[in-house]
1. Exactly one condition in (1) facing chain B (nearest Cβ under 9 Å); (2) within 18 Å of the chain's Cα centre (by Cα) is not met by A:Leu110; state its number.
2. Could you name every one of the helices (runs of 4 or more DSSP H) located completely within segment A:124-207 that has at least 2 residues being open to solvent by 40 Å² or more (accessible area, probe 1.4 Å) and of a type in the set (Ser, Thr, Tyr)?
3. Is it the case, given these coordinates, that B:Phe149 is within 30 Å of B:Ala70 (Cα to Cα), assigned to a helix (DSSP H, G or I) and facing another protein chain (nearest Cβ under 10 Å)?
4. Only residues that are open to solvent by 10 Å² or more (accessible area, probe 1.4 Å) and of a type in the set (Gly, Ala, Ser): list them for segment A:230-257, please.
5. For segment A:75-84, indicate whether the set of residues that are facing chain B (nearest Cβ under 8 Å) and part of a helix (DSSP H, G or I) is non-empty.
6. Return yes or no: is B:Leu163 within 10 Å of chain A (Cβ to nearest Cβ) and open to solvent by less than 10 Å² (accessible area, probe 1.4 Å)?
7. Mind checking whether some residue in segment B:34-48 is of a type in the set (A, V, I, L, M, F, W, C), open to solvent by less than 20 Å² (accessible area, probe 1.4 Å) and not assigned by TED's automatic domain parsing to the domain that holds B:Met222?
8. Could you give every pair whose Cβ atoms fall below 9 Å, whose first residue belongs to segment B:85-100 and is assigned to a helix (DSSP H, G or I), and whose second residue is of a type in the set (D, E, K, R), counting only separations of at least 6 or pairs across chains?
Amino acid sequence: MAGAITVYGNKETAQRPKHITEPKYVQWILIAIALLFLGLVVLLPLVSVFVEGFRKGADLYFKGLTEPDTLSALKLTLIVAAIAVPLNTVFGVAAAWAISKFQFKGKNFLITLIDLPFAVSPVIAGLIYVLMFGAQGYFGPWLDDRGIQIVFAVPGIVLATIFVTVPFVARELIPLMQAQGVQQEEAAASLGAKGGSIFWRVTLPNIKWGLIYGIILCNARAMGEFGAVSVVSGHIRGQTNTLPLHVEILYNEYQFSASFAVASLLVMLAVITLIVKGIVEWKSGASHAGNH
Amino acid sequence: MKGSKARRALPGFGLSLGFTLFYISLIVLIPLAAVFFKTFELSWAELWSTITNPRVLASYRISFTTALWAGLINAVFGLLVAWVLVRYPFPGKRFIDSLVDIPFALPTAVAGIALTTIYAKTGWVGSLLEPLGIKVAYTQLGIIIALVFIGLPFVVRTVQPVLQDLEKETEEAAVMLGAYRRRTFFKVVLPELMPALLTGFALAFARGIGEYGSVVFISGNMPMRTEIAPLLIMTKLEQYDYAGATAIAAVMLTVSFILLLIINLLQWRMSRRAIPD
């Protein structure tokens with residue numbers, strides 16, 4: 001559910017016969033309203049990030065990007081994504097394999113469970129780990145005795161990020177692999193192929209674009225998560241600050257140029273994500289056309 | 001086809017399902033269960049007084065009403081955007097289509113500070129609305145704008161594929177039976193789109209209730225007036241009131257689960273309609 005953008009081919013709009021479409025002037029009015037709405041709600045915020053970042057000049061913009069706290073926030077964001085994304089990718093592939101290639105009871109329930117993190121408020125996603133591993137949490141005293149800190153430290157940030165990004169890869173792969181069925185894998189198995197080579201040689205080439213897309217979305221959310229990470233981070237500059245948290249800190253300190261400069265990095269992440277989405281849609285559309 | 005034959009033929013069932021269940025339990029189920037265990041540690045009286053505290057009740061009300069309004073606005077404008085993107089040719093359509101996904105891909109904190117800047121008194125849009133007496137930033141209207149931003153792609157992306165697959169023939173038939181365009185839309189097209197529209201609305205609504213990052217900047221966070229429930233959880237945590245935070249969270253989780261159930265039922269019904277067997 002939430003956050004899942006399903007890949008589907010962009011069908012070109014064929015000219016519809018006159019009697020089942022609106023008059024031209026109605027079309028243009030509707031297009032104008034839609035564009036105005038998107039402009040006010042979506043485009044303007046994007047543009048404003050860069051305008052605000054450069055308002056006090058390019059010097060301050062680049063100074064905001066290169067100060068040590070920003071660089072360490074960038075580093076932490078990359079580390080967190082480098083742990084969370086591969087783990088959730090392995091999970092997504094395993095879950096999609098079990099769900100799409102086999103029949104078992106409670107399958108729909110399992111799919112709902114995988115969706116669960118999308119339905120949970122990010123703040124609650126952070127809270128649950130505080131309840132588990134915080135000083136007053138269930139495992140808090142045990143961890144404390146051993147000198148391990150999870151909450152208000154990097155491990156907590158990693159856990160909360162994994163939680164909010166669990167469904168992304170699985171949600172992309174499950175419908176894709178369900179639609180592809182099991183015939184090709186069964187054929188490979190009957191020819192004597194082992195599990196590993198069935199996956200690498202038969203399944204993976206078929207799901208490669210969906211998988212890339214799922215990973216990209218998972219990564220965008222992992223790098224951009226704010227609420228969940230905000231709860232479990234100690235907000236210690238240079239130590240437990242990710243890029244989105246750093247944006248907040250700078251903003252609350254009225255360092256708007258620096259705040260929007262860091263925010264513009266995250267806008268670029270979003271734009272790159274959508275460009276990859278476009279490429280994946282184009283490639284998967286092309287490979288579909290090639291099959292027919 | 002996929003029945004028991006497949007189970008015998010393909011390897012990896014035990015391993016993949018086992019790992020899936022292990023991972024989902026460890027990361028999602030056990031930590032979520034902690035919320036309810038912690039809540040049960042409270043007595044009924046304590047729980048009741050926490051969740052019926054006027055400030056808490058106000059935060060629920062604000063979260064629900066703003067998410068509801070944002071969901072309704074998105075249902076109308078999301079349908080319009082999907083309609084225009086599917087049916088009308090116009091230049092720059094690819095670009096506009098990808099704009100719809102921005103709220104999915106943009107970190108919520110960035111959306112929050114950007115929207116606040118635009119809709120504040122001195123901002124590009126806020127300064128135009130100020131003379132009209134409309135205040136957006138630091139009011140409930142601001143929260144609604146942030147939630148409209150967050151929820152838009154849910155409606156557009158659920159309605160779009162259904163609209164794309166809608167058979168021309170149904171509309172043709174309506175025209176032949178003498179229906180006007182507007183009547184065709186309300187009597188023929190809209191009912192077909194309704195399940196998708198409802199699903200999109202429910203997704204946007206569910207996301208809106210829990211949203212935090214984009215809202216906290218623009219809302220101003222005044223208790224009883226613009227303080228949303230997730231923020232109140234955050235505030236209680238910062239005051240080390242874990243029991244209070246958990247009680248509020250338990251109520252929100254219960255609502256989210258019910259919404260998730262409704263959404264899955266809707267989606268299940270939609271897929272049954274799409275693939276007649």
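The values are calculated or read from the model by the stated rules, or taken from the named source; none is laboratory data. Since we're looking at a predicted model, the values are computed, not measured. With ideal geometry, Cβ positions are generated from the backbone for all residues, glycine too; neighbour counts draw on all protein chains shown. To get the accessible areas, we keep the full protein, side chains included, count just its heavy atoms, and leave off ligands, DNA and RNA. Shrake-Rupley method; radii C 1.70, N 1.55, O 1.52, S 1.80 Å.
1. (2)
2. In segment A:124-207, there are no helices (runs of 4 or more DSSP H) which contain 2 or more residues that are open to solvent by 40 Å² or more (accessible area, probe 1.4 Å) and of a type in the set (Ser, Thr, Tyr).
3. Numbers: within 30 Å of B:Ala70 (Cα to Cα): yes; assigned to a helix (DSSP H, G or I): yes; facing another protein chain (nearest Cβ under 10 Å): yes.
For B:Phe149, the condition - within 30 Å of B:Ala70 (Cα to Cα), assigned to a helix (DSSP H, G or I) and facing another protein chain (nearest Cβ under 10 Å) - is met.
4. Within segment A:230-257, A:Gly234, A:Gly238, A:Ser257 meet the criteria.
5. Residues of segment A:75-84 that are facing chain B (nearest Cβ under 8 Å), as a first pass: none.
No, the conditions are met nowhere in segment A:75-84.
6. Working: within 10 Å of chain A (Cβ to nearest Cβ): no; open to solvent by less than 10 Å² (accessible area, probe 1.4 Å): yes.
The answer is no for B:Leu163.
7. We begin by selecting, within segment B:34-48, every residue of a type in the set (A, V, I, L, M, F, W, C); these are B:34-37, B:40, B:42, B:44-45, B:47-48.
With open to solvent by less than 20 Å² (accessible area, probe 1.4 Å) added as a condition, the list becomes B:34-35.
With the extra rule that they be not assigned by TED's automatic domain parsing to the domain that holds B:Met222, the set shrinks to B:34-35.
Yes, segment B:34-48 contains at least one residue that is of a type in the set (A, V, I, L, M, F, W, C), open to solvent by less than 20 Å² (accessible area, probe 1.4 Å) and not assigned by TED's automatic domain parsing to the domain that holds B:Met222.
8. Within 9 Å, the pairs are B:Leu85/B:Lys93; B:Leu85/B:Asp97; B:Val86/A:Lys11; B:Arg87/A:Arg16; B:Arg87/A:Glu22; B:Ser98/A:Lys277.
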